[in-house]
1. State whether one or more residues within the range 324-333 are of a type in the set (A, V, I, L, M, F, W, C) and not in a helix (DSSP H, G or I).
2. Residues A147, A122: which one is closer than 18 Å to S58 by Cβ and open to solvent by less than 20 Å² (accessible area, probe 1.4 Å)?
3. Among the candidates L71, L136, L116, L127, which residue alone is open to solvent by 30 Å² or more (accessible area, probe 1.4 Å), among the aliphatic types (A, V, I, L, M), within 24 Å of Q27 (Cα to Cα) and touching a residue at least 24 places away in the same chain (Cβ under 8 Å)?
4. Six or more apart or on different chains, Cβ under 7 Å: which pairs go from a residue in the range 310-328 that's closer than 12 Å to S103 by Cα to one that's charged (D, E, K, R) and open to solvent by less than 70 Å² (accessible area, probe 1.4 Å)? Could you list them?
5. Could you tell me which residue of the range 276-299 is most open to solvent (accessible area, probe 1.4 Å), considering only residues that are under 30 Å from A143 (Cβ atoms) and not in a loop (DSSP other than H, G, I, E, B)?
6. Condition test on D242, is it in contact with a strand residue (DSSP E or B) (Cβ under 8 Å, 6 or more places away or on another chain) and surrounded by fewer than 23 Cβ atoms within 10 Å (Cβ to Cβ)?
7. Could you pull out the residue among S126, S121 that is among the polar types (S, T, N, Q) and closer than 29 Å to V304 by Cβ?
8. I'd like the full set of residues that are surrounded by fewer than 21 Cβ atoms within 10 Å (Cβ to Cβ), outside any helix (DSSP H, G or I) and in contact (Cβ under 8 Å) with a residue 40 or more places away in the chain, limited to the range 159-180.
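The values are calculated or read from the model by the stated rules, or taken from the named source; none is laboratory data. Remember, it's a predicted structure, so these values are computed and weren't measured experimentally. Cβ placement follows ideal geometry from the backbone for every residue including glycine, while neighbour counts extend to all protein chains displayed. Surface areas here come from the heavy atoms of the whole protein model, side chains and all, with no ligands, DNA or RNA. Shrake-Rupley method; radii C 1.70, N 1.55, O 1.52, S 1.80 Å.
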Amino acid sequence: MSLLALGINHKTASVAVREKVAFSPDQLTSALDEVKARAQLKEVAILSTCNRMELYCSSDGPQLQTVLEWLADYHDIPTDELHQNIYAHADEHAVQHMMRVASGLDSLVLGEPQILGQLKSAYSVSLENSVLGAELGRLFQQAFSVAKKVRTETAIGENPVSVAYAAVNLAQHIFSDLRDSRALLIGAGETIELVARHLRNAGVQQMTVANRTLDRALGVAEEFDAQAILLGDIPDALPNADIVIASTASPLPILGKGAVEEALKQRRHQPIFMVDIAVPRDIEPQVSELDDVYLYTVDDLREVIEENQRSRESAAREAEQIIQRGADEFMGMLRSRGAVSTLTKLRGHYETLRDDEVEAALKQMRSGKDPEAVLEQMARRLTNKVLHHPTIQLRKASAEGQVELIDAATTLFQLSDSDD
């Protein structure tokens, strides 16, 4: 089995590139089926978040180029553009990469916990669509187990650091006191929930949650004593917002330059602080051209996040050791499973030889031949058949100087000089 992990993330590509290859939840089922069929994969999973898009695959051989061609066709992107931003890991390196992702060591925010839930969601979607089998499934489970060890055995997650935390932290740098600020949150997923929690801890009392479905908005709003509205009501709520933070799964921008211009007029050009942490972006990039808007994307949060990461660097080194042990354990399991298949074939082959010789010997004894002579003849024939092919191969190896094959046979059959 060949394992492959390939993708694009915040380290290799800008948000403008990442949003081109992002998969919406509605696209995943068709995408999984298409790439599995086109690249002749045994198993496949797709992880798509605001900071990364990754495919995890298992196949009978290397399929990197075919998967890349499919990805370029699916998103209508030139293959050359993908090559400039893509990374790929095979076999053991793919195993280590997934474990680093699950543990938060490859995230924009070192040690952030959200990625583990997102990886579990990718696993569930593949499982539900019957494109995940035993081998890749075991890798996911091992990655989840390693991530849990990293969380419990290191201090990687002690401080509340996340993209949501960084966004609120940046707002505190813009506004001297958040207690009088009003916030509009666009989306109602886990990230927005974290944003709302951090805003409330920072003193923000007035929050509005806008979402495509009102029930989901209410679910978040009720927890923080906030107002819930639909996305279509955003233009009415925007003039009252000092802080706007957006994170949805929408494939198209939700907030345009025109709506923000109108809101600024009603605010008499009081500034608005905006953070767009969605990929694809929820806020049109042209909004940043407006004089009274401070618009930041996930890439702009990097400086804030890097400052918070320094406290986690020691824990990250400990986590890397846990990941290496987990990867070694998984690769050892894979290799042992390969040996099981070989041993099964070996045992089956020699059991067939044995049964044939026993049947031949019994037939001779039934015909009246001396049992002792029959058994001696059977033993010689069985020994000759068992050793025939190994003898030919070892003589050939000796003639060609393949010392390693002779050494392997010596170890395999527990031979020594005293046995000569």
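1. The answer is no; no qualifying residue exists.
2. The match here is A122.
3. Result: L116 is the single residue among L71, L136, L116, L127 that is open to solvent by 30 Å² or more (accessible area, probe 1.4 Å), among the aliphatic types (A, V, I, L, M), within 24 Å of Q27 (Cα to Cα) and touching a residue at least 24 places away in the same chain (Cβ under 8 Å).
4. Pairs found: I323/R100.
5. Here the residue is D299.
6. Against the criterion (in contact with a strand residue (DSSP E or B) (Cβ under 8 Å, 6 or more places away or on another chain) and surrounded by fewer than 23 Cβ atoms within 10 Å (Cβ to Cβ)), D242 qualifies.
7. S121
8. Result: N159, F175.
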